[in-house]
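S.K.: Structure incoming, see below.
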Amino acid sequence: MPQTLLVTGSSGLIGSEVCTYFARELGYAVHGVDNNQRAVFFGPQGDTRWNQQRLATELKGFTHHELDIRDRAGVLALVRAVRPTAIVHTAAQPSHDRAAAIPFDDFDTNAVGTLNLLEAARQACPEAPFVHMSTNKVYGDAPNRIALRELPTRWDYADPAYAGGIAETFTIDQSKHSLFGASKVAADVMVQEYGRYFNLPTCALRGGCLTGPNHTGVELHGFLSYLVKCNLEGREYRVFGYKGKQVRDNIHSLDVARFMAAFVAAPRAGEVYNLGGGKANSCSILEAFQIAEKHSGRAQVHTYVDQARAGDHICYYSDLTKMRAHYPAWDITQTLDDTIGQIVAAWRRRPAG
């Protein structure tokens, strides 16, 4: 009998990559949970039905479940019926900005939805590794208190203690998170608690900029994907504050899926990892423009808004030391340049809409 994976947010960027990786590379039977809530949050541009259809067509043994993770009874019934050998939870209201307009939807999805899944797992399959896709926004704007230096195209840390990036020991308290960051803090801490209190095999992955060719990027979420889409369509990209020199580390969805597989194979209880591309895969918006232009052959149309997003990071890249120590067979395999090239190619293939 094959091992069984339950993936929430299965039509999204990370969820779909995880479905594909576990099905094709590891032979899992995959159950995907998604109700296209992204289209509700972001409108037609956020619709992920195309990705759901792709999975159903391409993946042998893939089963789609139209379920909202806020449905507590429905979640418990599904987990009891499937009895998965592993759970990967990527479903979320993912936008830093959107959360303020829909605070109850945001918290009920991100915090309560996560609790619904954790408790269902505890009751139905407590031995199953539970991987939660958290976010670096749990650190709020505290990273902005680190001394910075301004370079020609980016900000960078001036404090040598952060030369390798932000580690998991960095404070998540006493800072502005955005409501999205706060709801994800609640989920992150609850995932840790089910590991530490109930000894469930859980981990919270505090993602940097998660990206890849299957991302349905929109202005409020999906930095590189949306930037490339604007580039190809000659559409104006708005830069919000910090001179366009704000820095993010970008990790390809394949490398995210590979780390999740490593954790599932050798789980630990109540762990936290900063899952990003590290300094090598970091870039500012200005630097991303340059790479996108190189791959597309088109100039990036953009305007500057001298108002940074509330709680936004000026510079953030992940220290990957702990991940590499715990899972030495894992490392980054997709470079930033390769990733942006793949995103350009993917948008060119995708039907207009």
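S.K.: So which of Ser178, Ser95, Ser183 is on the phi > 0 side of the Ramachandran plot and surrounded by 22 or more Cβ atoms within 10 Å (Cβ to Cβ)?
M.R.: None of the others qualify; the one that does is Ser178.
S.K.: Within segment 54-81, which residues are assigned to a helix (DSSP H, G or I), over 22 Å from the mean Cα position of the chain (by Cα) and of a type in the set (Lys, Arg)?
M.R.: Listed by number, the residues that qualify are Arg72, Arg80.
S.K.: Condition check: surrounded by fewer than 17 Cβ atoms within 10 Å (Cβ to Cβ), in a helix (DSSP H, G or I) and not charged (D, E, K, R). Does Ala23 satisfy that? Before the answer, list the steps.
M.R.: Numbers: surrounded by fewer than 17 Cβ atoms within 10 Å (Cβ to Cβ): no; in a helix (DSSP H, G or I): yes; not charged (D, E, K, R): yes.
No, not satisfied.
S.K.: Still on this structure, please answer the following. Out of segment 145-174, which residues are part of a helix (DSSP H, G or I) and surrounded by fewer than 18 Cβ atoms within 10 Å (Cβ to Cβ)?
M.R.: We begin by selecting, within segment 145-174, every residue part of a helix (DSSP H, G or I); these are 145, 160-162.
If the condition is that a residue be part of a helix (DSSP H, G or I) and surrounded by fewer than 18 Cβ atoms within 10 Å (Cβ to Cβ), then Arg145, Pro160, Ala161 are the ones that fit.
S.K.: Out of Ala308, Ala325, which single residue is among the small types (Gly, Ala, Ser), within 29 Å of Asp159 (Cα to Cα) and touching a Gly at 6+ places or on another chain (Cβ under 6 Å)?
M.R.: Details: Ala325 fails: touching a Gly at 6+ places or on another chain (Cβ under 6 Å).
Testing whether each residue is among the small types (Gly, Ala, Ser), within 29 Å of Asp159 (Cα to Cα) and touching a Gly at 6+ places or on another chain (Cβ under 6 Å) leaves just Ala308.
S.K.: Between Ala204, Ala142, Ala124, which is within 28 Å of Arg324 (Cβ to Cβ) and surrounded by fewer than 21 Cβ atoms within 10 Å (Cβ to Cβ)? Please lay out each step first, then the result.
M.R.: Values: Ala204 fails: surrounded by fewer than 21 Cβ atoms within 10 Å (Cβ to Cβ); Ala124 fails: within 28 Å of Arg324 (Cβ to Cβ).
So the residue among Ala204, Ala142, Ala124 that is within 28 Å of Arg324 (Cβ to Cβ) and surrounded by fewer than 21 Cβ atoms within 10 Å (Cβ to Cβ) is Ala142.
S.K.: Still on this model: Find all pairs meeting these conditions: Cβ atoms under 6 angstrom apart; at least six residues apart or on different chains; first residue within segment 163-176 and more than 14 Å from Val247 (Cα to Cα); second residue hydroxyl-bearing (Ser, Thr, Tyr).
M.R.: Listed by first residue and then by second, the contacts come to Phe170/Tyr139; Ile172/Tyr139.
S.K.: May I ask you to verify whether Ala329 is crowded, with 18+ Cβ neighbours inside 10 Å and in contact (Cβ under 8 Å) with a residue 40 or more places away in the chain? Break it down stepwise before answering.
M.R.: Numbers: crowded, with 18+ Cβ neighbours inside 10 Å: no; in contact (Cβ under 8 Å) with a residue 40 or more places away in the chain: yes.
Considered against the rule, which asks whether it is crowded, with 18+ Cβ neighbours inside 10 Å and in contact (Cβ under 8 Å) with a residue 40 or more places away in the chain, Ala329 comes out as no.
S.K.: Consider segment 82-118. How many of its residues are outside any helix (DSSP H, G or I) and either in contact with a Cys (Cβ under 9 Å, 6 or more places away or on another chain) or under 23 Å from Glu193 (Cβ atoms) (or both)? Explain how you work it out, then say what you get.
M.R.: Step one: filter segment 82-118 for residues outside any helix (DSSP H, G or I), giving 83-97, 102.
Among the residues that remain, those that are also either in contact with a Cys (Cβ under 9 Å, 6 or more places away or on another chain) or under 23 Å from Glu193 (Cβ atoms) (or both) are: 83-94.
Qualifying residue count, segment 82-118: 12.
S.K.: If I go through segment 26-78 residue by residue, how many of them are touching a helix residue (DSSP H, G or I) at 6+ places or on another chain (Cβ under 9 Å), surrounded by fewer than 17 Cβ atoms within 10 Å (Cβ to Cβ) and among the β-branched types (Val, Ile, Thr)?
M.R.: Here the count works out to 2.
The numbers here are math on the coordinates, done by the rules we state, and not lab data. None of these values were measured; they are calculated from a predicted model. Positions of Cβ are backbone-derived with ideal geometry, glycine not excepted, and every protein chain shown enters the neighbour counts.
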